[in-house]
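To start, the structure under review is shown below, and the notes come after it.
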Amino acid sequence: MKIIVAGGDGFCGWPTALYLSKKGHEVAIIDNMVRRKMDQELHSNSITPIASLEERVNKWEELTGKRISTYEGDLTHYDFLSEVLKQERPDAFVHFAEQRSAPYSMIDREHAIFTQSNNVVGTLNVLYGIKEFVPDCHLIKLGTMGEYGTPNIPIEEGYLEVEHKGRKDVLPYPKQPGSFYHLSKVHDSHNIMFACKIWGIRATDLNQGVVYGLETEETQMDPVLTNRLDYDGVFGTVLNRFIIQSTIGHDLTVYGKGGQTRGFLNIKDTVRCIEIAAENPADKGEFRVFNQFTEEFSVGELAEKVQKVAEEEGYPTAITHLDNPRVELEEHFFQAVNTKLKDLGLEPHLLNDNVIREILRTVIIHKSRVIEGNVLPQASWK
């Protein structure tokens with residue numbers, strides 16, 4: 001299968017590209033390198049040193065004999081995207097190429113506008129490109145569980161059967177996004193659903209939970225292939241951030257009460273979910289939604305898990321509650337359905353002490369790279 005991975009230089013995209021290549025697919029990466037530029041803007045870095053994309057793909061070919069094509073460019077530039085689609089003629093288009101940070105989108109007006117224009121316009125271009133050049137291509141779009149918010153009813157997979165005034169219908173599940181970033185994902189979902197309806201495009205929206213972990217079997221093959229790991233208050237996801245804080249003697253910073261509950265999954269499951277979606281494509285005209293997570297935890301529970309393992313490894317760590325920079329419920333009901341990917345063969349890697357320990361020991365090797373001033377939140381919703 002010919003597969004384009006847009007955003008293939010990033011935290012989720014890079015290991016996905018390697019995994020699909022190893023599985024025998026013909027993979028091409030599109031990336032505009034903006035995530036690396038954001039490190040410069042924020043005066044931050046990945047705790048793991050990451051090679052250039054050129055060095056990465058060359059090392060992969062040296063080790064495996066498998067070639068990954070690369071295209072440096074922006075999905076918001078339609079002429080560029082058109083040429084890639086005409087040249088590659090992909091069977092599947094895996095779309096990671098969006099600004100993915102809620103805090104980044106809430107820094108100020110400029111960051112909110114960039115997030116929405118980059119994400120929504122880029123995805124619209126992909127939809128038009130598929131329609132015009134590769135109408136049978138399956139769009140696999142990374143959404144987010146954050147589209148749903150925290151409703152006081154169970155979260156279904158994309159759709160909800162509703163009875164109103166004696167009549168029933170199946171409607172898109174109501175969205176209650178919590179940032180301008182999450183709003184951009186909702187706009188994407190609406191646009192994709194509309195394109196499937198009017199043009200017959202096939203699309204799978206993967207509403208992904210919070211991803212943790214660092215390496216996959218493929219990224220561990222050589223240091224040049226290693227994945228990035230973020231720890232700052234803008235791009236660092238909560239479990240990875242707690243682990244890094246514990247190794248530098250910093251308190252684990254829980255926002256507010258710590259009862260915020262979300263769906264989580266290991267990076268190893270992210271790559272497998274993409275494979276499952278690619279090998280089981282949506283029908284023409286179908287806009288299907290999979291909730292892509294494996295377990296649910298509160299922020300407070302995660303802090304306690306990290307504290308336990310860190311202390312066992314010789315890093316005594318305290319838990320501190322900060323004023324929450326976000327506007328969100330800090331104690332709430334959370335119950336979400338996640339059966340479709342499991343029904344198609346996903347066997348989850350569950351979070352346990354050994355998983356945390358493995359990440360922590362890797363972090364210890366590189367902890368001198370941590371810029372301590374970046375571990376606290378810098379963007380406020382208020």
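The values are calculated or read from the model by the stated rules, or taken from the named source; none is laboratory data. On a predicted model such as this, the values are computed, not experimentally measured, just so you know. Here the Cβ is made from the backbone with ideal geometry for all residues, glycine too, and neighbour counts use every protein chain on show. We work out accessible area using only protein heavy atoms, side chains counted, and drop any ligands, DNA or RNA first. Shrake-Rupley method; radii C 1.70, N 1.55, O 1.52, S 1.80 Å.
Kindly evaluate residue 261 against the criterion of being polar (S, T, N, Q), under 26 Å from residue 153 (Cα atoms) and touching a residue at least 40 places away in the same chain (Cβ under 8 Å). Write out each step before concluding.
Values: polar (S, T, N, Q): yes; under 26 Å from residue 153 (Cα atoms): yes; touching a residue at least 40 places away in the same chain (Cβ under 8 Å): yes.
So residue 261 passes the test.
Quick one: which helices (runs of 4 or more DSSP H) sit completely within the range 278-382 and have at least 3 residues that are open to solvent by less than 80 Å² (accessible area, probe 1.4 Å)? First the steps, then the outcome.
Values: elements: 299-312, 340-343, 353-366.
Answer list for the range 278-382: 299-312, 353-366.
Hey, any hits in the range 196-209 for a residue that's in a helix (DSSP H, G or I) and of a type in the set (S, T, N, Q)? Give the derivation first.
Going through the range 196-209, the residues in a helix (DSSP H, G or I) turn out to be 196-199.
Applying the additional criterion that residues be of a type in the set (S, T, N, Q) yields none.
Among the residues of the range 196-209, not one is in a helix (DSSP H, G or I) and of a type in the set (S, T, N, Q), which makes the answer no.
Restricting to the range 1-17, give me the number of residues that are open to solvent by less than 30 Å² (accessible area, probe 1.4 Å) and either closer than 21 Å to residue 82 by Cα or more than 16 Å from the chain's Cα centre (by Cα) (or both).
First pass over the range 1-17, keeping only residues open to solvent by less than 30 Å² (accessible area, probe 1.4 Å): 3-17.
Right, trim to either closer than 21 Å to residue 82 by Cα or more than 16 Å from the chain's Cα centre (by Cα) (or both) and you get 3-9, 13, 17.
Total meeting the criteria: 9.
For the range 209-229, how many residues are crowded, with 19+ Cβ neighbours inside 10 Å and farther than 20 Å from residue 143 by Cα?
Going through the range 209-229 one residue at a time, the tally reaches 10.
Go through (1) buried (at least 24 other Cβ atoms within 10 Å of the Cβ); (2) farther than 12 Å from residue 70 by Cβ for residue 27 and report which single condition fails.
Of everything listed in (1) buried (at least 24 other Cβ atoms within 10 Å of the Cβ); (2) farther than 12 Å from residue 70 by Cβ, residue 27 misses just condition (2).
Given 253, 204, which one is crowded, with 21+ Cβ neighbours inside 10 Å, β-branched (Val, Ile, Thr) and touching a strand residue (DSSP E or B) at 6+ places or on another chain (Cβ under 8 Å)? Don't jump to the end; show me each part of the working.
On the way: 253 fails: crowded, with 21+ Cβ neighbours inside 10 Å.
On inspection, the qualifying residue turns out to be 204.
Residues 121, 170, 94, 162: which one is of a type outside the set (Ser, Thr, Tyr), at pLDDT 95 or above, open to solvent by 10 Å² or more (accessible area, probe 1.4 Å) and in contact with a Ser or Thr (Cβ under 7 Å, 6 or more places away or on another chain)? Talk me through it step by step, then tell me what you get.
Numbers: 170 fails: in contact with a Ser or Thr (Cβ under 7 Å, 6 or more places away or on another chain); 94 fails: open to solvent by 10 Å² or more (accessible area, probe 1.4 Å); 162 fails: in contact with a Ser or Thr (Cβ under 7 Å, 6 or more places away or on another chain).
The conditions single out 121.
Would it be correct to say that residue 41 is open to solvent by 50 Å² or more (accessible area, probe 1.4 Å), over 23 Å from residue 114 (Cβ atoms) and not in a loop (DSSP other than H, G, I, E, B)? Can you show your working first?
Numbers: open to solvent by 50 Å² or more (accessible area, probe 1.4 Å): yes; over 23 Å from residue 114 (Cβ atoms): no; not in a loop (DSSP other than H, G, I, E, B): yes.
No; evaluated as a whole, the condition is false for this residue.
Considering only the range 100-179, give the strands (runs of 3 or more DSSP E) lying wholly within it that have at least 1 residues that are without any contact (Cβ under 8 Å) to a residue 24 or more places away in the chain. Give the derivation first.
Working: elements: 138-144, 159-164, 167-172.
Where strands (runs of 3 or more DSSP E) fall fully within the range 100-179 and carry at least 1 residues being without any contact (Cβ under 8 Å) to a residue 24 or more places away in the chain, they are 159-164, 167-172.
Can you give me the number of residues within the range 24-38 that are free of Cβ contacts under 8 Å to residues at least 12 places away in the same chain and either outside any helix (DSSP H, G or I) or touching a Cys at 6+ places or on another chain (Cβ under 6 Å) (or both)?
So the answer is 1.
I'd like to verify a number: residues in the range 301-335 that are more than 19 Å from residue 359 (Cα to Cα) and in contact with a Lys or Arg (Cβ under 9 Å, 6 or more places away or on another chain), how many?
Of the residues in the range 301-335, 8 are more than 19 Å from residue 359 (Cα to Cα) and in contact with a Lys or Arg (Cβ under 9 Å, 6 or more places away or on another chain).
Could you list, in sequence order, the residues of the range 50-77 that are assigned to a helix (DSSP H, G or I) and open to solvent by less than 20 Å² (accessible area, probe 1.4 Å)? Don't jump to the end; show me each part of the working.
Initial filter on the range 50-77 (assigned to a helix (DSSP H, G or I)): 53-64.
53, 56, 57, 60, listed by residue number.
Starting from the range 61-81, take each residue that is within 14 Å of residue 26 (Cα to Cα) and list its partners that are modelled with pLDDT under 95 and open to solvent by less than 60 Å² (accessible area, probe 1.4 Å), counting only C-beta distances under 9 angstrom and pairs at least six apart or across chains.
Short answer, once both residue conditions are applied: none.
If only one of 80, 93 is assigned to a strand (DSSP E or B) and out of contact with any helix residue (DSSP H, G or I) (no Cβ under 6 Å at 6 or more places or on another chain), which one is it? Let's see the steps before the verdict.
Details: 80 fails: assigned to a strand (DSSP E or B).
Going through 80, 93 in turn, just one is assigned to a strand (DSSP E or B) and out of contact with any helix residue (DSSP H, G or I) (no Cβ under 6 Å at 6 or more places or on another chain): 93.
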